[in-house]
Amino acid sequence: MEKLFENLNDDQKKAVETIDGPLLILAGAGSGKTTTIVSRLAYLIDHVGIPASNTLTLTFTNKAAKEMRERALSLIHSDTYPPLLCTFHKFGLLFLKFHIHRLGRKNNFVVIDTDDKKKILKKLNSELPMPLLAGEISRYKNSLLSPDEAYRQAEFFNYQQIAKVYEEYEKYLQENNLVDFDDLLALTYKILDENPDLALETSQKYRYIMVDEYQDTNELQLMLLKKLCSEHKNLCVVGDDDQSIYGWRGAHIRNIIEFDRDFVDAEVIKLQKNYRSTNQILKVANTLINHNRSRLGKELESTRGDGEDVLVLNSSDENEEARKIARHIQKLIEGGVRPSDIAVLYRVNVLSRSLEEGFNRSGINYKLVGGLRFYDRAEIKDLVSYLRVMVNFHDDFSLKRIINKPKRGIGKASVEKIELAAHTSEKSIFEYLESVPHAELEALVKKKNAATLKKFVGDIRFVAESAKNSMYDFIDLLEETFHIKDIYKNTPDEVEKTLNIDEFYGLFRDFVKNNPEAELIEFLNDISLQSDQDEVEGESIFMMSIHAAKGLEFGHVFVVGLEEGFLPIIGEGSDLEEERRLGYVAFTRAKDSLTLSHAASRFYKGRRSELEKSRFFNEAGLCEGSLKVEKSANFKKGDLVRHKIFGAGRVVGVGKSGKEFKLSINFGGTKREILASFVEKL
């Protein structure tokens, strides 16, 4: 046990040894939270004697889960079954594999990603704006609203249309045995809620639960945790209210701020010793975030001592800014700094354009994190569709994507005829093509095409069967049978596409090598859970949004676009406190040097705009001037709120009323104007 504690400070040791009851570990940036989590898990298993199978540790990204798993296993000496340490969504996936039958569904479902979801929705309704449609359906699911309930709540015609599409989308998913990301948690909660005996059994199984990045949890995740803790109070959450930056996608900062309300008698332990940044960087970050009101309060202390002063770059426009930053980066690299230890961060992605041009001119290699991901590329989507059909012959969505890839002479009209005939026969397309007499198929499509289609479904079944015998040889047989690389022969990007396909085949073989007993569906579900940050690697500088940078650290950080309107984003619907937290997250990514950049003008949305320097320079103590302090609304459109007289409602507008913020709220069809201080978020 001495070895386990030798690298922990007093607060970390206390957090590790506090095992009973609800515990909030308020972990500042760079304070060794991962070390604390994995040490606590090892302490529970190795020194307290808690069976690993009775623990559950949840986080948000595959990358974080992998790192924590490896570090935890290196500390655990007991010859025991590895503890379950995974993302929320992976836990949902595992749970549904065992229990989705309670909803009358089969457990050979396939998880669809965001791109697949949008394609299905576009087919159901191509008129509604896709971001609105996909976002609202996601919100419905995370609020546990059925299509009927969504329709009843719809105030405007557009939202009635969305509720109708939601109903059709749910029907499509169930008919094709598909689940989307939101289902992984929503269906898990539904099963636990409808089966108290199972909820009791699950809570008794996972008696010690830890949650990383608790400030990023949403309402549904909180409700799920309450189910999992229904038979005990042993919930330890780790997070930082000052790094809560995902309000726009449903995360509730109130979950961490009001942890003691949700889980009574909670203990709070603050980790404030920072092992990442110098005094100068932390002073700027601490000074900025102290202007926020909605926080539990802590002050980061550097263990590294003094370093370089924070540098402020003032430029006339974005081109001068790009030249200055490029020169600074070149000096760092010439001085021996590895390019991968340098990052350029921005609040809005549009700011990357001028920087990319500047870096290209200066010969600086860069990786744009958050660009087109590997699994979003067309050639990879084609391969994944082949694999999905191998797993589920009734997946019409995937089958239609590949039915003419490589080209088989099957046009859109032929596909529509086949789909209609299959629907009339109450069969999937694959089932129909496999069972329909040859002569009947020839009546629908050309004779040559009928033979091609029969061969196509026969080949799919043959290759799918081979996966059961040899997963390692499966991928070679797939290419030999379907010649997928031929799709891109004699095209301008043939080399790039072929390299990507080969990369995918290599990834598949590596998966099989590391998981010799795994089935094809496990590979598919594994790649469906990948995230942008899982791809951050390589010897180039990194360019990314502040959101993408969360959880990462770099020796040298440049933050660009520190102007009013860019950082912070201001105006209706913005949350100044969350903008300030974004600034705090950006500043605390830096270990050795931090450079903050401002441009007097930028070319944006088709015209050049004069810009005002960000208030954050003043608030961080970096320059003199009148300090702008506004009472933050901390509310935005779409928020659910409660009024002590009118009850629950949804914010439909945010405005100013003197020094206060005024909210326009829809209370079950009745709109009222209410001052923000008279309502609370749900």
Helix 33-42 vs. the chain, principal-axis angle (Cα, 0 to 90°, nearest 10): 60
Too-long pairs where the Cα-Cα distance tops 25 Å, listed order kept, from K119/K171; K33/K117; K412/K448; K427/K489: K33/K117; K427/K489
Contour excess over end-to-end distance, with Cα ends at E308 and A518 and 0.36 nm allotted per residue: 70.5 nm
Accessible area per residue, Å², the stretch 316-414 with all protein chains present, probe 1.4 Å: 43
Difference of contour (0.36 nm per residue) and Cα-Cα distance, Q174 to K331: 50.8 nm
Probe 1.4 Å, accessible area per residue of the stretch 154-203, Å²: 44
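Report Rg/Rh for the stretch 1-154, rounded to two decimals, where Rg is the Cα radius of gyration and Rh the Kirkwood radius.
Details: Rg = 20.9 Å, Rh = 19.0 Å.
The Rg/Rh ratio comes out at 1.10.
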Computed accessible area, Y375, all protein chains, 1.4 angstrom probe, square angstrom: 30
Rounded percent of accessible protein surface that carbon and sulfur make up, the stretch 247-327, 1.4 Å probe: 44
FRET efficiency for E258 and D459, using Cβ-Cβ distance with R0 set to 60 Å, rounded to 0.05: 0.55
Per-residue HN-Hα couplings for the stretch 135-149 [Karplus 6.51, -1.76, 1.60; θ = phi - 60°; Hz; x = Gly/Pro]: x, 5, 5, 4, 5, 4, 5, 6, 9, 6, 8, 6, x, 4, 5
E431 versus Y472: modelled label distance in nm, points set 7 Å from Cα along the beta carbon direction: 3.7
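Filter K63/K497; K400/K497; K270/K591; K123/K513; K283/K324; K233/K681 down to the pairs with a C-alpha to C-alpha distance above 28 Å, please. The partial results should precede the final answer.
Working: K63/K497 26 Å; K400/K497 21 Å; K270/K591 21 Å; K123/K513 38 Å; K283/K324 25 Å; K233/K681 25 Å.
Check vs 28 Å cut-off fails for K123/K513.
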Accessible area, probe 1.4 Å, largest first, for residues D180, D510, D46: D510, D46, D180
Cut-off under 5 Å, modelled amide H: who pairs with K273 long-range: E301
E267 long-range amide H proximity, modeled H, under 5 Å: L23, L24
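For the stretch 426-572, what is the accessible area per residue in Å² when the probe is 1.4 Å?
On the way: 6950 Å² over 147 residues.
Each residue of the stretch 426-572 exposes 47 Å² on average to a 1.4 Å probe.
Calculate the translational D of the stretch 364-519 in whole µm² s⁻¹ from Stokes-Einstein, where the hydrodynamic radius comes from the Kirkwood formula applied to all Cα pairs, the temperature is 37 °C and the viscosity 0.692 mPa s. Before the final figure, lay out each step's value.
Values: Rh = 17.0 Å.
In µm²/s, the coefficient rounds to 193.
For the stretch 1-119, what % of the accessible area comes from carbon and sulfur atoms, probe 1.4 Å? Please report the intermediate quantities before stating the final value.
Values: 2600 of 5210 Å².
Looking at the stretch 1-119 in its full context, I get 50 percent from C and S.
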Built amide H within the under 5 Å cut-off of S614, gap 5+: E563, E564
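Considering only protein heavy atoms, with the full assembly of protein chains and a 1.4 angstrom probe, order L663, L576 by accessible area, largest first.
Working: L663 0, L576 20 Å².
Highest to lowest solvent-accessible surface, that is L576, L663.
Let me know the shape class of the stretch 240-393, please: from the alpha-carbon gyration tensor, a ≥ b ≥ c as square roots of the eigenvalues, rounded when a/c is under 1.5, otherwise prolate if a/b is greater than b/c, or oblate. If you can, show how the numbers build up before the last one.
On the way: a/c = 2.18, a/b = 1.07, b/c = 2.05.
Taking the square roots of the gyration eigenvalues as a ≥ b ≥ c, the stretch 240-393 is oblate.
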V389 accessible area, assembled protein chains, probe 1.4 Å, Å²: 0
The stretch 136-253 - Debye-derived log10 I(q)/I(0), Cα point model, q = 0.11, 0.18 Å⁻¹: -0.46, -1.03
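Considering only protein heavy atoms, with the full assembly of protein chains and a 1.4 angstrom probe, order Y275, Y505, Y81 by accessible area, largest first.
Largest accessible area first, the list is Y81, Y275, Y505.
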In degrees, nearest ten, helix 494-514 long axis to first principal axis of the chain (Cα): 90
Inter-label distance, nm, simple model (7 Å from Cα along the C-beta direction), D193/E267: 3.3
Calculated from backbone phi, Karplus (6.51, -1.76, 1.60) coupling profile of the stretch 397-408 in Hz, x at Gly/Pro: 4, 6, 4, 5, 5, 9, 4, 10, 10, x, 4, 10
DSSP bridge pairs, the chain: antiparallel proportion in percent, nearest 5: 35
Per-residue ³J(HN,Hα) for the stretch 445-461, Karplus 6.51 cos²θ - 1.76 cosθ + 1.60, θ = phi - 60°, Hz, x for Gly and Pro: 10, 4, 4, 4, 5, 4, 5, 4, 5, 4, 5, 4, 5, x, 5, 4, 5
Three principal axis lengths of the stretch 48-117 [C-alpha, angstrom, descending]: 41, 28, 14
Two-decimal Rg to Rh for the stretch 86-185 - Kirkwood Rh, Cα set: 0.97
Angle between the chain longest axis and helix 114-124 axis [Cα atoms, degrees, rounded to 10]: 60
Area of D20 that stays accessible when all protein chains are in place (1.4 Å probe, Å², to 10): 100
DSSP-assigned coil residues among GluC sites (Glu not before Pro) in the stretch 57-160, each with at most 13 further Cβ atoms within 10 Å: E127, E155
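Over the stretch 417-474, what percent of the accessible surface lies on carbon and sulfur atoms, probe 1.4 Å? Please list the in-between numbers first.
Working: 1810 of 3310 Å².
Carbon plus sulfur share of accessible area: 55 percent.
Only four residue types carry charge here, +1 at the Cβ of Lys and Arg and -1 at the Cβ of Asp and Glu. Report the dipole size of the chain about the Cα centre in Debye, rounded to the nearest 20. Provide the component values of the computation, followed by the final result.
Details: 98 positive and 107 negative charges, 304 e Å.
So the dipole magnitude of the chain works out to roughly 1460 debye.
What share of Cα pairs, in percent, lie more than 13 angstrom apart in the stretch 377-422?
In whole percent, the long-distance tail amounts to 55.
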In Å, descending, principal axis extents of the Cα set of the chain: 84, 62, 61
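The values are calculated or read from the model by the stated rules, or taken from the named source; none is laboratory data. All values derive from a computational prediction rather than experimental measurement. Reconstructed Cβ throughout: ideal geometry from the backbone, glycine too, with neighbour counts over all protein chains shown. Calculation scope for accessible area: heavy atoms of the full protein, side chains included, ligands and nucleic acids excluded. Shrake-Rupley method; radii C 1.70, N 1.55, O 1.52, S 1.80 Å.
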